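The values are calculated or read from the model by the stated rules, or taken from the named source; none is laboratory data. Bear in mind that the values here come from a model prediction, so they are computed numbers and not experimental data. FYI the Cβ positions are ideal-geometry reconstructions off the backbone, even for glycines, and counts take in every protein chain you see. Ligands, DNA and RNA are excluded from the accessible area calculation, which covers all protein heavy atoms including side chains. Shrake-Rupley method; radii C 1.70, N 1.55, O 1.52, S 1.80 Å.
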Amino acid sequence: MPEFFGALTSRETWALVHGMTLGALFLLAFGGGLASLYSLRASLVTEEGVQERTRRLRLGTTVMAVVAWLTVITGTFIVYPWYRAGVPVGTTDLTDYPKAKLVADAATAAWHNFGMEWKEHIAWMAPFLATAVAFAVAYYGVQLIRRGEIRRAVLVLFVLAFVAAGVAGLYGALITKAAPVA
Amino acid sequence: MQSTDTKPNGPVAAAFIAAAAACFTLGLLVVLNDANADISKALDFSKNYGLGSGVGPLSGKVAVSTIVYVVSWIGLHVAFRGKELPWRNVVIATSVLLGLGFLLTFPPAFELIADTIKGGA
């Protein structure tokens, strides 16, 4: 077991799983899915290539949807309660209370009032959109190449799902830097 | 009209509109939660129904949005199954709902709207 595993608390481990592990998987799935979706055009690939890209696209979009759900569920129901925990009366050290720590200082309050308020909501749009994309790809399969208008709409929703997750991920990293859940 | 010999677009239209409806619902609940203390208390599903521990009103916002997603998807899927819909209309409906969803979850926007509601109450 690498030494750093022993150095992480349970909260840090969950934050790592939520933000880094699932986040990295999401990025990988998005990259593969986007490349496959963009190039899924008859003029760009052979029939054999279409079959291969469609398989990769199905895998990429399905993984992205599943990972998006896992990310928001772990974030909302496991990590977020630690972030917003109430401060017991008489507590002066706010290290274990990230939200309270951020809003107590005018210089850092915006990390919560803007950053977390945006992140905690926009993040949930990613699984809704990613699931719709995965369904469309699974439903049409190779036929998607003949439905250009739907392929373009799928591409837009796919990118929007990534943007939603990207905003959430970026603010998650920055807020964790300012006041880690530990 | 279906442009080529492929499956009808109804089921995909249902999935897209349901996802956009869920995003809009989430945005609407974000505004209502900020504008009204009673609604905020009602949305605390972690306290009211034990959905998570210490999650607060976010638990209700995401639970209701997810329910809207699933129910509307099933309903629209049944309604649109086997049908070829005008894709432009699907895109417009999805875009409007999604645009409002993104707008209403953006803090400066939802705070302004919530403050306006509170000011008018």
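With protein chains left intact and a 1.4 Å probe, residues in region B:10-116 average 43 Å² of accessible area per residue. Shown is the FRET efficiency for A:Ala35 and B:Lys7, computed with R0 = 25 Å from the Cβ-Cβ distance and rounded to the nearest 0.05: 0.55. When the Cα positions of A:Ile78, A:Val67, A:Ala104 are compared along the charge dipole of the protein assembly as shown, A:Val67 comes out farthest toward the positive end, with charges on each C-beta of Lys, Arg, Asp and Glu. Near B:Asn89: Cβ cut-off under 15 Å, other residues only, Lys/Arg at +1 and Asp/Glu at -1. The net charge is 0.
How fast does region B:42-117 diffuse by Stokes-Einstein, in µm²/s, taking the Kirkwood radius from C-alpha pairs at 10 °C and 1.306 mPa s? Estimated via Stokes-Einstein, D reaches 106 µm²/s. Could you please state how large a percent of the accessible area of region B:10-116 is carbon and sulfur, counting protein chains only and using a 1.4 Å probe? On region B:10-116, the fraction of accessible area on carbon and sulfur atoms equals 70 percent. Counted residue by residue at 0.36 nm each, then reduced by the alpha carbon distance between them, the extension gain from B:Val96 to B:Ala79 reaches 4.1 nm. With N as its number of residues, region A:1-134 has a Cα radius of gyration that, divided by 2.2 N^0.38 Å, comes to 1.40.
With protein chains left intact and a 1.4 Å probe, residues in chain A average 48 Å² of accessible area per residue.
Paramagnetic label reach from A:Gln51 (point 7 Å along Cα→Cβ; backbone nitrogen cut-off under 17 Å): within region A:100-135, no residues. Interface A-B: total buried accessible area of about 3400 Å², 1.4 Å probe, protein heavy atoms only. In deg cm²/dmol, rounded to 500, what helix-only [θ] at 222 nm does chain B give when every DSSP H run of at least 4 residues adds -39500 (n - 2.57) and the total is split over its residues? So the calculated ellipticity at 222 nm is -25000 deg cm²/dmol. Here the protein assembly as shown is assigned +1 on the Cβ of each Lys and Arg and -1 on the Cβ of each Asp and Glu. Its dipole about the Cα centre then comes out at about 800 debye.
Hydrodynamic analysis of the protein assembly as shown uses the Kirkwood radius over alpha carbon pairs. Inserted into Stokes-Einstein at 25 °C and 0.890 mPa s, it gives a translational diffusion coefficient of 120 µm²/s. Overall, the accessible surface of chain A at a probe of 1.4 angstrom is composed of carbon and sulfur to the extent of 66 percent.
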